[in-house]
1. Only one of (1) open to solvent by less than 50 Å² (accessible area, probe 1.4 Å); (2) touching a strand residue (DSSP E or B) at 6+ places or on another chain (Cβ under 9 Å) is not met by residue 107, so which one is it?
2. If you go through region 88-100 one residue at a time, do you hit one that is surrounded by 13 or more Cβ atoms within 10 Å (Cβ to Cβ), in a loop (DSSP other than H, G, I, E, B), of a type in the set (Phe, Trp, Tyr) and without any contact (Cβ under 8 Å) to a residue 60 or more places away in the chain?
3. Any residue at all in region 110-122 that's on the phi > 0 side of the Ramachandran plot and more than 15 Å from the chain's Cα centre (by Cα)?
4. Name the pairs: first residue in region 21-50 and on the phi < 0 side of the Ramachandran plot, second residue of a type in the set (Asp, Glu), Cβ to Cβ under 7 Å, at least 6 apart or on different chains?
Amino acid sequence: MTFIRLDKPYKHWKLLNDQTGDYLRIVPERGGLITSWNCKGNEMLYFDLDRFQDKDKSVRGGIPILFPICGDLPNNQWQSPKGYLPMNQHGFARDIPWLIDHSQKDLSCLITINHNNYTKKFYPFEF
């Protein structure tokens, strides 16, 4: 497996299977979003590049990580043990940077986020 940091057509990591030529494109800075999955020369995912490049619009396509919810909440808030807290559509994980670890020995990588002061504004739990 080869991990390549690329800037075009947008900043991303390309995880390339050297034996097959298959690859994934991952954007840790944009919620760990997988923007491309190319298998046997065929693109497997829909991805709207124009919407992705406009940070004021939600991303369409790819494989987003939706946490801690999937969908909408009434008035964009939920009742937590600490009272009503804001929560946008699909949660906050897709809107914050993730860490990427590509030191794995097999055909994989690990992307993670951790709770912090920002996430606790919306979700008062450790994860």
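1. The failed condition is (1).
2. Scanning region 88-100, I find at least one residue that is surrounded by 13 or more Cβ atoms within 10 Å (Cβ to Cβ), in a loop (DSSP other than H, G, I, E, B), of a type in the set (Phe, Trp, Tyr) and without any contact (Cβ under 8 Å) to a residue 60 or more places away in the chain, so the answer is yes.
3. Within region 110-122 (the criterion being on the phi > 0 side of the Ramachandran plot and more than 15 Å from the chain's Cα centre (by Cα)), the answer is no, since none of the residues qualifies.
4. Within 7 Å, the pairs are 36/43; 38/22; 39/22.
The values are calculated or read from the model by the stated rules, or taken from the named source; none is laboratory data. A quick note: this is a predicted structure, and the numbers were derived from the prediction, not measured. Ideal geometry is used to build each Cβ from the backbone, glycine not excepted, and the neighbour counts take in all protein chains shown. Note: accessible area is taken over every heavy atom of the protein model, side chains too, but ligands, DNA and RNA are not part of it. Shrake-Rupley method; radii C 1.70, N 1.55, O 1.52, S 1.80 Å.
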